[in-house]
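*Asks:* Encoded as structure tokens, here's the structure I'll be asking about.
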Amino acid sequence: MAERTRKSVDRRQQIVEAASQSFTMFGYKATTMELVSKIASVGKGTIYTFFTTKEELFDEIMDQLIGELRWIAQRSIDPERTFFANLTTALHELLQFSEKHELIVKLSQEVRDVGTPAARAGIERLEQTILSFLREQVVAAIEKRELRQVDPTMTAVIMLKIYVALSTEWPVHSDPPSKEAIASYVSALLQDGLRAK
């Protein structure tokens, strides 16, 4: 019985990995259950044993990706450092991960070029995870009196949007600053306006 359960888990993971590969190579829109079955070397019926729809399979992959993103965010926080030092590290780590993860890059391209609703929803889930993490850090910093009383949600959105704008939308005709320089600048800029007095 334990052997059959392990094989079932292995087969399920094999399908998830194949689907992740397909979404990464072809995007959400072009990925089909038939394509996933070919990549996984299993019959379509085997996929439907574990996942009833492509959407359910995509959600499983996004859940795993969000878990990884949360782990990276938590790992970047050092309770001995200040809020702003942690902010610099966390933003840098999270956005570096997002830029290098091939599935996130492919979904972002698909949203930009095609506007696929499921791809957009996946990217929005990732962004909400980052915003939730930043909001939690803002709340903790307010409680420790490192920050003055501010709206935690609005502050998290501003932090993320400024960082993303500077790191991805820098004018093409000039040399962009490094991610570390951007993180440090955003941190310094916000520090004077948000620091408790």
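The values are calculated or read from the model by the stated rules, or taken from the named source; none is laboratory data. Computed from a predicted model, the values in this text were never measured in an experiment. All Cβ positions, even for glycine, are placed from backbone atoms using ideal geometry, and neighbour counts span all protein chains on display.
*Asks:* In the set Q149, Q137, which member is farther than 19 Å from R81 by Cβ and in the same structural domain as E93 (by TED's automatic domain parsing)? Walk me through how you get there before you give the answer.
*Replies:* Details: Q137 fails: farther than 19 Å from R81 by Cβ.
Of Q149, Q137, the one residue that is farther than 19 Å from R81 by Cβ and in the same structural domain as E93 (by TED's automatic domain parsing) is Q149.
*Asks:* For the condition modelled with pLDDT of 90 or more and in a helix (DSSP H, G or I), what is the one hit in E110, E80, E93? Let's see the steps before the verdict.
*Replies:* On the way: E80 fails: in a helix (DSSP H, G or I); E93 fails: modelled with pLDDT of 90 or more.
Result: E110 is the single residue among E110, E80, E93 that is modelled with pLDDT of 90 or more and in a helix (DSSP H, G or I).
*Asks:* Ok, one more. May I ask you to list the residues in the range 151-186 that are among the hydrophobic types (A, V, I, L, M, F, W, C) and surrounded by 15 or more Cβ atoms within 10 Å (Cβ to Cβ)?
*Replies:* Hits for the range 151-186 are A156, V157, I158, M159, L160, I162, V164, L166, I182, A183, V186.
*Asks:* Using beta carbons and a limit of 8 Å, which pairs, at least six apart or on different chains, have the first residue in the range 22-38 and loosely packed, with under 14 Cβ neighbours inside 10 Å and the second one hydroxyl-bearing (S, T, Y) and modelled with pLDDT under 95?
*Replies:* Within 8 Å, no pair qualifies.
*Asks:* Does T52 qualify as being part of a helix (DSSP H, G or I), among the polar types (S, T, N, Q) and over 28 Å from P177 (Cβ atoms)?
*Replies:* Details: part of a helix (DSSP H, G or I): no; among the polar types (S, T, N, Q): yes; over 28 Å from P177 (Cβ atoms): yes.
So T52 does not fit the description; no.
*Asks:* Sticking with this one: Exactly one condition in (1) among the aromatic types (F, W, Y); (2) farther than 30 Å from G193 by Cβ; (3) touching a residue at least 24 places away in the same chain (Cβ under 8 Å) is not met by F83; state its number.
*Replies:* Just one mismatch for F83, condition (2).
*Asks:* Looking at (1) more than 25 Å from T129 (Cβ to Cβ); (2) out of contact with any helix residue (DSSP H, G or I) (no Cβ under 8 Å at 6 or more places or on another chain), find the lone condition where E56 falls short.
*Replies:* (1)
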